[in-house]
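Here's the structure we're looking at; comments come further down.
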Amino acid sequence: MLRPYRLERELDRAVAQWLDWLPRWDPASARRRLSPCVACPGWAVELGFEEVPHGALHALTTSLDAVITEHVRRSVSLQPFLSDEAIHGLREQLRREAVSWVARQHAHILRALDAYVEPKVQHMAALLLADLGGV
């Protein structure tokens, strides 16, 4: 298995990139999905971000999942005879580590969400209410 500091460094980079992107998130440009996202609800609960809009959350969770997947691939390349059970266990262990790592930055992430996401959601809600009031 790769060294834990490497995973933490990659998680740090993924979250930092997401935080850099967050001010540019625009709820009005969100694509409509034909089917619900299967990955985000589990991540939202584990991370404590159930109230975060899907578009903003999805960008974070796909980044975290990509880090985990890459780490699993590297581990399998170093130990090619891992069983499917061992690979699944490794993926779950890495996910717990990712959730734990994000939890340590929870306050910082919440401040960014409050600064960049919440005002946009409030603005969209105000526009919707204005439209409803004008009908």
*In nanometres, what is the gap between the two model label sites at Ala59 and Gln79, each 7 Å from Cα along Cα-to-Cβ?*
3.6
*Note, ³J(HN,Hα) from phi for region 11-24, Karplus 6.51, -1.76, 1.60, rounded to Hz, x at Gly and Pro*: 5, 4, 5, 4, 5, 4, 5, 5, 5, 5, 7, 3, x, 8
*Quote the FRET efficiency, to the nearest 0.05, computed for Glu70 versus Arg104 with a Förster distance R0 of 22 Å and r equal to the Cβ-Cβ distance.*
0.55
*Roughly what angle does helix 84-104 make with the longest principal axis of the chain, taking Cα atoms, 0 to 90 degrees, to the nearest 10?*
50
*Please provide three numbers in whole Å: the alpha-carbon extents of the chain along the principal axes, with the largest listed first.*
65, 32, 21
*Which of these, Arg13, Arg104, Arg95, has the largest mean-square fluctuation under a Gaussian network model of the chain (Cα springs below 10 Å)?*
Arg104
*Considering only Leu110, Leu47, Leu94, give the residue with the highest GNM mean-square fluctuation for the chain, with springs between Cα atoms whenever their separation is below 10 Å.*
Leu110
*To the nearest µm²/s, what D does Stokes-Einstein give for region 35-106 at 10 °C and 1.306 mPa s, using the Kirkwood radius over alpha carbon pairs as Rh?*
121
*Mind telling me which of Ala28, Ala14, Ala98 comes out most flexible in a GNM of the chain, alpha-carbon contacts under 10 Å?*
Ala28
*For helix 54-78, report the angle its Cα long axis makes with the longest principal axis of the Cα atoms of the chain; keep it between 0 and 90° and round to the nearest 10°.*
10
*Taking the alpha-carbon set of region 67-135, what are its Rg and Dmax in Å?*
21.1, 65
_Span from the region 9-29 Cα centroid across to the region 105-122 one, whole angstrom_ = 12
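Values quoted throughout were computed directly from the atomic coordinates according to the rules given, and no laboratory measurement underlies them. Model, not experiment: these values are computed from the prediction. Cβ sites come from the backbone with ideal geometry, for glycine too, and all protein chains shown count toward neighbours.
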